[in-house]
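Colleague: Sending over a structure as structure tokens; questions will come in a sec.
Each reported figure results from applying straightforward, stated rules to the coordinates on display, with no laboratory input. Bear in mind that the values here come from a model prediction, so they are computed numbers and not experimental data. Note that each Cβ is placed from the backbone with ideal geometry, even for glycine, and that neighbours are counted across all protein chains shown.
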Amino acid sequence: MIYSDGQPDAQIASSGTIGADVLELVYDLDGTSPPVIVQGPVDQIANEGNPVSFSVGAAGAEPFGYQWTFRGLPIPGATNSALLIQSILASDEGPYSVVVSNRFGTAVSAEAFLYVLPQSASQLIAPSSLASVEGPGASAGFSVRIRLQEVYSNSLFPSYPIVIHELRFRPDVTYAVGAFTGTLDSISFQLSTTTNAPGKLSTTFANNVGLDAQLVHSGRWTFSTAFDGPAAGPKAFDIRLPLQQPFRFDPSKGNLLLDYRNTSTLPKRFHTDAASLAGGPVSMLYNDGQPDAATATASNSGADVIDFVYTIDDTVPPQISLQPVGAALVEGQAISLVATATGAPPLTFQWFQDGVAIDGAVNSTLTLANVSPAQTGMYSMVASNKNGSATSKSVRVLVLPKPDALAVVPADAAGIEGSGTSVVASVPIRQQELYSSTLFPDQPIQITQIRFRPDAVFTTANGPYSYSISNLQFRLSTTSRRPGGLSMTFTENRGADEVVVFDGSWFFSTQFRSSAGQGKDFDIVLQLQTPFTYDPAIGNLLLESVNFGMADRLYAFDAAPHGADMERVYIQDPLSPIASGRDPGASILQLGYSAVAAPPRIVGAIPDQVATVGSNATFTVVAAGTRPLNFQWFKGSDPIVGATFSSITLSNVAFGAAGAYSVQVSNALGVVVSAPAQLVVKPGPVKVGFARGQASSGGELALQVRAQANGNENAIAFSLQYDTDFLAFDSATLSDGLQDATLNINPQDADYGFVGFAVALPTGSTLPQGDDALVTIRFRVSPVVTNTSSQVVFVDLPVVEEVVDALAHPVDAEFISGWADITFHGFEGDVAPRPTGDSRLTLADWVQVGRFIAGLDDPTYPDEFQRIDCAPRSSGGDGRLTVRDWVQAGRFVAGLDPVVVAAGPTTNSVHEGGSPLGPQSLDSARLVISSLTGQPGETVVLPVTLVALGGEAALGFSVGFDPLVLTFVGAETAKDSTGAMLNVNTRSVAGGRVGVALALPSNSTLAAGPRQVAKLKFLVRSVRAGTTPVTFDDSPVVREVVDASAGLMLSTYSGATVTINPGAPEVAFSPSGSGFDVSWPASATGFLLESSPSLTNPVWTPVNGSPVTTGDQVTLHVASGEAQGYFRLRRP
């Protein structure tokens, strides 16, 4: 309403609102109004036999008159506002209307259409998976201007022809609008049978339409929905489209295409429920906004979910929709022949074998279990209904014999799909496939069948199939060719026992199924026309296939590479003698075979052998026959112990091994002996060489040249080339066994690294057969500071390499060069830290050498001795460890002499009992121990005096004494050796031997004249009168006097005598008062009484007091506390 509040005369409203007064009108009919239709009749859909009614509502001046019409003609007696038809017939289908009249005029209603469905009509929902499930998609095709095509797979429908009468849609829940009625003024629906599958529709609409396209609705369509059903869906199929023209659909001809064009729109967006099934049985494409478009602009994998109302077309005779597939199979196996038919039900079936009906075979599938040869034949099926019959094609069933045993080749591929393929059954081809003997049972077999399996990847017939090849040939043979060694020339691969095992037409089949594992079953069976006997002991198996025809499709057999066990060559030309390709694979086979009982036989002759002395010779026999096979080899007529295998190897043959060899082969069925094979033994080349040499840096290398002689060699000549940076030729001597031979040496190019040698035995003499030592060649080794190797090579300069026999005939020879390993053992004098040193010369090395010289430490390894023994420096030592080495080590440490690489002797050449001394002369230094007298219990000091020539720097010596008389107490430097290092070795003191090594400070020497250099202290143990010698010795320290340059000085050595004073007085002790009395014989005159608190380190001091002579005794009283410990009498 609008209004102007407070302005009743206003011309313009000032406000407005949605609403108005609620009024009650009191009226009278206009008695002069003609009738007006206010509610017309609506379309009706009903099945035959059901009642149906139409009604009409009108306004105007009453009373009204009514006349219902059908197809424009009045219906007798139909003069009420409602028309009731009690039991409709098919003939009642059509348009109905009503004429309403009064005295002022008439009104005619719009037509309402009655659709009569057959009483037998059925329903199916496509796709059926969404019958009770809300679809995941939605379609708005009824709301907008659009052209839309939807395809439904024939798998969604019965297999027989049907007549579609009505399409029913259901509203979508997601875009819910509730109960709804809508009218489309112009929409058309077309149905057709299309060969295009879901997901394969063309974007050009016309390309999808089938030849039987039929317009099933065109014009106005009013529909409604009560939106009944679960809240979450699905709703009821109550959006009904009765077809103005029913459509006959035969699913065996293709898929159903629904094509509609909507040129109308609805006042609101309305959606019907739809599927969305990627890769499923439905799909659609459309052009939104262009109902007359020729091409689609969009597509998806869904379609409307439709309830199809249909009847069966019972006028259709049977048609065979699936033909049976023949089979070639083996006795005892099973096969199912399947043939299907379409047509008006009910259909009946009857199978025939060779034209004769099979009792009880009245289903579309015929199963033959445990087949026998009697079931070989031609099979067909007849399908019948009231309208006629149809007969399938006749297919062949071939029942083949069952072999005794089966073996998959290769066995490990039994349950695994191969990675290769064979097209021998598909294209013109010539192919040879080689299989290693190791893939077969180890026994003679007779092959009767070869079974292949279909390739699961490359076969275009993806399912059961049978096929007949008109011209195919297979050959089998035993070949000596090995996998990897096939010739590209086919004939060069064939074995001598080749057999054409099949030639002609081959009918085969497969069920294309897998019983176990990943590979298909081996059900493609080739029954050999001629069986082939194969013994793996003889060689490998060669299968040759030749196909002269072209198949209608690709029938691929499974194949695979298999390491070094298989190979094939091929060319796509069955007449070509030469292959064009090869690969390391072959078809995977299953062989049908039976075992063959066969006595042993020897295949081919055993080849003769020629061997050189010292080499090996092998004889091998190839034998066939039933396993196990037993072998025994003979030389001549004598069996060879332990030679019971198919091969025999004679090791390190000598001339005596020559002769005839044969083998006896036996099994349970017989014995066979080979023809003899000859072994000829020839002398081999004389091998001249030497073992790898080992030498120390700066030392000597000795190479012993040896010959592996055949026993006929009289003279050998050769030259050696060596690297002069490491080696220098020194000398050569004949080996002990060749002292009567002559050795000539050519050293003229020795400085350049070449020396020639010739060894000649006396006339007529030869080297003994075997390993002979010829000559030892010595080299001086250069001092190197790292481990290294140097090659020594046999050459022809200056003396030509040659070996001759006693008749001066040349003998084959092989001169084998070698190497010398030079080991760096360190530097002379480098001994600390032990045992390897540290490649540095320091004070620690000098001290450690001194300990070795004194015998305080012992060398552990030969190379350690070598580094200690460093004097004289020119020779790297002299095999003795003396003070000379100590002085030389000191010179190295002080830098007075350059360090040198360790060389020289590695063991001590000084033996106990002394070493050679220099001649005694006025020019010799003289080392003297002074003699003296001692009393029992007294420590005596023996001075050691060197009567020096001048320049003496070090000296060493050992002294020997009687340990029962004297006990060594110690040694010390004397007045003329102050500052010297003194090492004393007391290891053998218990045996009466002490070693002394003394070295003056570096670069210090003694002046000429008597020089007291050391003091030796002994305790007199014996109480008996007499003398005992103290003598010089060389153990544990060698006697030697050395100058400051480590030069050896001539020297002589004079020992000493210790006199033990006879009649030593006896001392007596007796208590006296608070002390005690000490007494001794009065005849012992001139003695003093002394005491010492200890004998371990005695300190003797005079005892206070005056002795008193009483008769023959002298007594001295010792008061308590004045003296205690040990007492002695000493004569000053």
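Colleague: Treat every Asp and Glu Cβ in the stretch 825-906 as -1 and every Lys and Arg Cβ as +1, leave all other atoms uncharged, and give the resulting dipole magnitude about the Cα centre to the nearest 20 debye.
Modeller: Rounded to the nearest 20 debye, it is 180 debye.
Colleague: Tell me, what ³J(HN,Hα) does each residue in the stretch 553-570 have, in order and in whole Hz, if you take phi through Karplus 6.51 cos²θ - 1.76 cosθ + 1.60 with θ = phi - 60° and put x for Gly and Pro?
Modeller: 7, 7, 9, 9, 9, 6, 8, 6, x, 8, x, 9, 9, 9, 6, 9, 10, 6
Colleague: Counting alpha carbon pairs within less than 8 Å and at least 6 residues apart, what relative contact order, in whole percent, applies to the chain?
Modeller: RCO, the chain: 6 percent.
Colleague: For residue 62 and residue 122, what does the FRET efficiency come to when R0 = 30 Å and r is the distance between their Cβ atoms, rounded to the nearest 0.05?
Modeller: Calculated transfer efficiency: 0.05.
Colleague: Sticking with this one: Between residue 496 and residue 73, what is the label-to-label distance in nm when each label sits 7 Å out along the Cα-to-Cβ direction?
Modeller: Rounded to a tenth, the inter-label distance reads 10.4 nm.
Colleague: Name the aspartates and glutamates eligible as straight-distance cross-link partners of residue 386: C-alpha to C-alpha under 17 Å, and not fewer than 8 places from it in the same chain.
Modeller: Cα-Cα hits under 17 Å: 313, 314.
Colleague: Return, ordered by residue number, the residues of the stretch 78-101 whose backbone nitrogen is under 12 Å from a label point located 7 Å along Cα→Cβ of residue 55.
Modeller: Residues 81-84 fall inside that zone.
Colleague: What is the distance, in nm, between label points placed 7 Å from the Cα along the Cα-to-Cβ direction at residue 765 and at residue 89?
Modeller: In this crude spin-label approximation the distance works out to 14.6 nm.
Colleague: While we're on this one: Lys/Arg Cβ at +1, Asp/Glu Cβ at -1, dipole of the chain taken about the Cα centre: which of 318, 278, 335 is farthest positive-ward?
Modeller: 335
Colleague: Here is a further query. Computed from the coordinates I sent, Cα extents along the principal axes in Å equals one of (1) 132, 81, 51; (2) 130, 86, 60; (3) 206, 118, 65. Tell me the label.
Modeller: Of the labelled values, this structure produces (3).
Colleague: Please list, by residue number, every one of the trypsin sites (Lys or Arg not before Pro) in the stretch 651-728 that is coil in DSSP and has at most 12 other beta-carbon atoms within 10 Å.
Modeller: Counting only loop positions with at most 12 other Cβ atoms within 10 Å, the trypsin sites (Lys or Arg not before Pro) in the stretch 651-728 are 692.
Colleague: Once the dipole of the stretch 925-1060 is set up with Lys and Arg at +1 and Asp and Glu at -1 on Cβ about the Cα centre, which of 958, 942, 1038 lies farthest towards its positive end?
Modeller: In the stretch 925-1060, that residue is 942.
Colleague: Mind listing the long-range amide H neighbours of residue 271? Cut-off is under 5 Å, sequence gap 5 or more, other chains count too, H placed in the peptide plane at 1.01 Å from N.
Modeller: 172
Colleague: Which lysines, on any chain, are close to residue 682 with Cα under 30 Å apart, when same-chain ones fewer than 8 places away are left out?
Modeller: 635
Colleague: What ranking do 24, 111, 433, 134 get, fewest neighbouring Cβ atoms within 10 angstrom at the top? Could you put the intermediate results ahead of the total?
Modeller: Details: 24 4, 111 16, 433 22, 134 19.
Ascending Cβ contact count within 10 Å gives the list 24, 111, 134, 433.
Colleague: Residues of the stretch 367-388 with backbone nitrogen within less than 19 Å of a virtual label 7 Å along the Cα-to-Cβ line of residue 315, please, listed as ranges.
Modeller: 385-388
Colleague: Once you keep just the Cα pairs under 8 angstrom separated by 6 or more residues, what percentage relative contact order results for the stretch 92-227? Don't jump to the answer; show the numbers that get you there.
Modeller: Numbers: 127 pairs, mean separation 27.6, N = 136.
With pairs under 8 Å counted, the relative contact order is 20 percent.
Colleague: Using Cα centres only, tell me the gap between the stretch 103-173 and the stretch 674-708 in whole Å.
Modeller: 104
Colleague: What trypsin sites (Lys or Arg not before Pro) does the stretch 237-303 have in DSSP loop regions with at most 16 other beta carbons within 10 Å? Mind showing how you got there, number by number?
Modeller: Details: sites: 240, 248, 253, 261, 268, 269; in loops: 268, 269.
The qualifying sites are 268, 269.
Colleague: Give the cross-link partners of residue 1017 among the lysines, using a straight C-alpha distance below 20 Å as the criterion and excluding same-chain residues fewer than 8 apart.
Modeller: Output for residue 1017: 975.
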